[in-house]
1. Considering only protein heavy atoms, with the full assembly of protein chains and a 1.4 angstrom probe, order B:ASP325, A:ASP51, A:ASP136 by accessible area, largest first.
2. List, largest first, the extents of the alpha carbons of region A:123-165 along their principal axes, each in whole Å.
3. How large is log10 of I(q)/I(0) for region B:1-155 at q = 0.16 Å⁻¹ when the intensity is taken from the Debye formula with one equal scatterer per alpha-carbon?
4. Order A:HIS161, B:HIS204, most accessible first, counting only protein heavy atoms with a 1.4 angstrom probe.
5. From Cα pairs below 8 angstrom and at least 6 apart in sequence, can you work out the relative contact order of chain B, rounded to a whole percent?
6. Provide the solvent-accessible area of B:MET364, counting protein heavy atoms only and rolling a 1.4 Å probe, rounded to the nearest 10 Å².
7. Sorted by accessible area (1.4 Å probe), largest first, how do B:CYS257, B:CYS84 line up?
8. Modelled label-to-label distance, A:ALA128 and B:GLN70, 7 Å Cα→beta-carbon offset: nm?
Amino acid sequence: MLAQVIFYALAALTVGSAGLVAFSRNIVYSAFALLGAFMGIVGIYILLAADFVAMVQLLVYVGGILVLTIFAVMLTAGIGDVKVSNRAVGTGPAIVVAGVAAIVMLYAVMRTQWHQAAAITPAPTTYAIGNAFLGDYVLPFEVASLVLLAALIGAIVISRHEVRE
Amino acid sequence: MHTLIENLIAWGVFGKNPPRDVVAAIVVFVMSLVVFLVVALPFGGIVTWVERRVWARIQSRVGPNRVGPQGFLQWLADGIKIVCKEDIIPDEADSRLFKMAPYLVMLAFVLPWAVMPFSSSLILADMNVGILYMTAVTALTVVGVLMAGWASNNKWSLIGGVRSAAQIVSYEIPAGLSIFPVVLMTGTLSMQGIIRGQGWAPQHWFLFANPFTFVAANILYMSSLAEANRTPFDLPEAESELVAGFATEYSGWRYACFSMAEWGNLFIVGAIITTLFLGGWQFPHVTNNVVAMNVLEVITFNVKVLFLVFVSMWIRATLPRVRIDQLMTTCWKYFVPIAFVNMIGTAVWVAIWPDGNVAMGYIMFAGAIVLGALFIQRVIYYLRRSRMEVYFNPTI
């Protein structure tokens, strides 16, 4: 009973914040509203007894991605004056894209057989995740690392101060 | 926690057959409130008085000694005064974000107390991912600080906020990497699990387990000080450059939130180091009485934490502030590579000696004692040579 109340509260927080991100006139508000969306997701992960994933979500998304987003928004010159936001994008193409996406997602949701998990007992997940990463899924894991390495080197190359003779 | 909830239900405190999840929620809520009001808030206050006294003595002054015995109630007087102050919100400020920011910083200060291991049974939630949780929730501070800096609409606030965020994001990396050696040695992320992996005697602490963990402990302590915006890394609120950094425009209760979180974080920094490297609450098993053992463990834990808090005050009173480029150089060119070496070194060490190397613990502990003795000897030598008059009486 209580779990359902908590779930709907978290879902409302996530969706509400996401709505604020999309519809806010002020892009700084949009950036800060991401915090609510990320925290809602953290809460849902905890509710699903995925403790490790929840903490990594907090560490990576709130501690890393959100802060970088806010940095980027704040350090872009004149971003507060123009008040650009997602609303400025043309309405026609947006409706088409969103409509197609909604139909695909609805179709997927309807077609999926949803299994009801028995009772979720909080159990340590860290061992299983570690073993899966370095066992069955070691190749995708390493490929993802390579992509990140490429991104790192790319960032350094782009931002490097050119030294001329 | 589980036993407490089961006992309360068995005693019929909540009537017959209460809904179990609601009871658990109530108990957790009340216990969290107790920990916050009885431990966290008074600590944030009292430590301001302790810090002012310690500084005063280091700088040959008297310090606040008027309110109550030895000025002990100074924090209460300051608290009442600051709460009575007008809550000023600048006209040009973004009032919604301006009002919200202090609470985010406060939230980042409150959340770590959930996994604070005071003793073998006194812990709110012994999570499987305790230490990860501890580092993750402190990341919320950055968002609050950036929000305060931007919403104040003041260039000093903004520069302070951006500096603070850059500093915290950078120092999170060596701090996080310095936790890994301990996790490698214990194979668990739970706070209690890490403490149980150590013994009460110093040679069984992870600080002295191998040379790499010793370095990791030092890097973690320095990085945590940087994350807590303490001198020598207090650039975000450098008084001589930025007035008070991101807190410049704040007054009254909202300012109190910032300063309380800042001082209270000292306890959290100390608690992380104590748990990971200094044996936490471990105390020799002297009695079978569970309550007495827990009291002794609480005292042990707090003595270790308060010692580290004292060291940070000592550092603040003696060291000058670093420059921003020095700050970044220290982090990226020294701390991060050393932290990686620590991690690999500990992994190799664990591969060679899976159960730890007891002899190394004794050797490193003896080395630490020799270093301490040399330090004290040098201090006494310089005191003699400068013919300084030293008063050891702290109660003037």
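The values are calculated or read from the model by the stated rules, or taken from the named source; none is laboratory data. As the structure is a prediction and not an experimental result, all values here were calculated from the model. Neighbour counts run over all protein chains shown; Cβ positions are idealised from the backbone, glycine included. Side chains are part of the model used for accessible areas, which takes the heavy atoms of the whole protein and leaves out ligands, DNA and RNA. Shrake-Rupley method; radii C 1.70, N 1.55, O 1.52, S 1.80 Å.
1. So, going from the largest accessible area down, we get A:ASP136, B:ASP325, A:ASP51.
2. 59, 21, 11
3. -1.11
4. A:HIS161, B:HIS204
5. With pairs under 8 Å counted, the relative contact order is 21 percent.
6. Roughly 30 Å² of B:MET364 is accessible to a 1.4 Å probe.
7. The ordering from most to least exposed comes out as B:CYS84, B:CYS257.
8. 5.3
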